[in-house]
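To start, the structure under review is shown below, and the notes come after it.
The values are calculated or read from the model by the stated rules, or taken from the named source; none is laboratory data. A quick note: this is a predicted structure, and the numbers were derived from the prediction, not measured. When we count neighbours, we look across all protein chains shown, and the Cβ atoms used for this are built from the backbone with ideal geometry, even at glycine. To get the accessible areas, we keep the full protein, side chains included, count just its heavy atoms, and leave off ligands, DNA and RNA. Shrake-Rupley method; radii C 1.70, N 1.55, O 1.52, S 1.80 Å.
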Amino acid sequence: MGILFAGPQLEFEQIKEAWFAAAGQLAAKGVFVGGQPVTEFERAFARYSGTAHAAGVGNGTDALFLALKALGIGPGDEVVTATNTFVATAEAIHHTGATPVLADCDLGSYLIDPESLMEKLTPRTKAVIPVHLYGQMVDMSPWISLVRERGIAVVEDSAQAAGARLGGMPAGSAGDVGCFSFYPDKNLGALGDGGAIVTSDESLLSTVRKLRNHGGETRYTHDIPGYNSRLDALQALALSLKLERLDEWSAHRRRIAGLYERYLGEVNGIVLPVHRGDDSHVFHLYVVRLPVEARESARRYLQKKGILTAVQYPLPVHLLPAFRHLGYKPGDFPVAEFCSERILSLPMHIGMNEEAVLEVAEGLIAALASPAYRC
């Protein structure tokens, strides 16, 4: 069978009996959009996230977009975020009419570089989006007060960090608003698309709820031009069941990360991720760095052994054709570009155990040592 890269199907095995039963009850009532399952999940997720409110939406990209819209961000504004992120972060900014302004990352953790972020602030900056990348939370304490003094909103991209906590504060609770993706391979994944916005700002929540539902919180009430981005009840049932297990799953991921460190920590040519060794990292991904000439050959070698890997992300946002209009060029973000050519994500999911980690580690070490797989 080999070793899977991610394991949403393994998570489903743990909830399927309860989910099938709940889905059957829901089907008998015929209420598939909104309703009690969504409301109950929103309440539970708000408590879990350390915020007063949560609003389920259609997906993580919509969460970012609707949060920015609710903050009043639009044409003429700038929003600063990391260039080494999934394209959705920049897309959400772009579709408000605002301009994405990109910053470089830290070489060890891959998180947004605080100095680069602060250098990008201008009088037109209306928000910053720190990306809690690969499951590790950005430490915002060095700059968040300075940003807020300028009247700039903080929107946490927590798509990969559900369950992470830094200084006792859950991902999504330190900024003005937190945005989550429940794509199936996320740490808290639905059975399809889904997302959520968390906040303790009641006015902001009201605006989000209107925006997600054609501009009104109740049927046929349209206070503002809105969108159609709602969390399905069937997805909310699955998310509620998974939320009960999330801390356990996060602890397991941290144990797997510790095993990778045990077996790969002293291997020449492999650079392991820098992290704090606490629950501020939930290891949505376990990302190592290899010599640039060895990454693709190592991937091929591992794939022949039945071990699946991935690269997140092969190009930083500033080098994507979709954002060529921003005017950046190769060399503008040297750390992100350096990393993008070398990073490799190893298998990480709740089905991993020490035997699997050892197999991956031995395969990677063999790949780097094999003349047949050197470029």
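Of note:
- For Gly108, the conditions (1) farther than 27 Å from His275 by Cβ; (2) open to solvent by 10 Å² or more (accessible area, probe 1.4 Å) all hold with the exception of (1).
- Residue pairs meeting the criteria (Cβ under 9 Å; at least 6 apart or on separate chains; first within 11 Å of Ala233 (Cβ to Cβ), in segment 20-37; second part of a loop (DSSP other than H, G, I, E, B) and not aliphatic (A, V, I, L, M)): Leu26/Phe32; Leu26/Gly35; Lys29/Gly35; Val33/Arg230; Gly34/Arg230
- Residues in segment 102-125 that are closer than 19 Å to Leu319 by Cβ and polar (S, T, N, Q): 1 in all.
- Out of Leu133, Leu191, Leu204, Leu146, sole residue that is touching a helix residue (DSSP H, G or I) at 6+ places or on another chain (Cβ under 8 Å), of a type outside the set (Ser, Thr, Tyr) and open to solvent by less than 30 Å² (accessible area, probe 1.4 Å): Leu204
- Note on segment 15-52: residues that are under 23 Å from the mean Cα position of the chain (by Cα), assigned to a helix (DSSP H, G or I) and within 30 Å of Ser345 (Cβ to Cβ) total 6.
- Number of the exception - Leu302 against (1) open to solvent by 10 Å² or more (accessible area, probe 1.4 Å); (2) part of a helix (DSSP H, G or I); (3) more than 19 Å from His132 (Cβ to Cβ): (1)
- Taken as a whole, segment 36-57 holds at least one residue that is surrounded by 13 or more Cβ atoms within 10 Å (Cβ to Cβ) and in contact with an Asp or Glu (Cβ under 6 Å, 6 or more places away or on another chain).
- Hey, Ala55 among the small types (Gly, Ala, Ser) and either in a helix (DSSP H, G or I) or under 30 Å from Ala356 (Cα atoms) (or both) or not: no
- Selection count where residues are under 20 Å from the mean Cα position of the chain (by Cα), open to solvent by less than 50 Å² (accessible area, probe 1.4 Å) and either under 21 Å from Ala70 (Cβ atoms) or among the aliphatic types (A, V, I, L, M) (or both), scope segment 209-240: 5
- Of all residues in segment 70-95, those satisfying the criterion of being touching a helix residue (DSSP H, G or I) at 6+ places or on another chain (Cβ under 7 Å), surrounded by fewer than 24 Cβ atoms within 10 Å (Cβ to Cβ) and among the small types (Gly, Ala, Ser) are Gly74, Ala88.
- Test: residue in segment 165-173 that is open to solvent by less than 10 Å² (accessible area, probe 1.4 Å) and not hydrophobic (A, V, I, L, M, F, W, C): yes
- Qualifying residue in segment 114-133 (condition: at positive phi and in contact (Cβ under 8 Å) with a residue 60 or more places away in the chain): no
- Every condition in (1) open to solvent by 10 Å² or more (accessible area, probe 1.4 Å); (2) touching a strand residue (DSSP E or B) at 6+ places or on another chain (Cβ under 7 Å) is met by Val360 except one, and the failing one is (1).
- Residues of segment 17-48 classified as under 13 Å from Arg230 (Cβ atoms) and modelled with pLDDT of 95 or more, total: 5
- Segment 343-357 - residue that is over 16 Å from Thr309 (Cβ atoms) and either within 17 Å of the chain's Cα centre (by Cα) or not charged (D, E, K, R) (or both) and, of those, most open to solvent (accessible area, probe 1.4 Å): Asn353
- Residues of segment 270-290 satisfying the condition of being buried (at least 16 other Cβ atoms within 10 Å of the Cβ) and either out of contact with any strand residue (DSSP E or B) (no Cβ under 6 Å at 6 or more places or on another chain) or in a loop (DSSP other than H, G, I, E, B) (or both): Ile270, Leu272, Pro273, His275, Asp279, Ser280, Val282, Phe283, His284, Leu285, Leu290
- Scanning segment 134-150 for residues that are without any contact (Cβ under 8 Å) to a residue 12 or more places away in the chain and within 11 Å of Asp176 (Cβ to Cβ) yields a single hit, Arg148.
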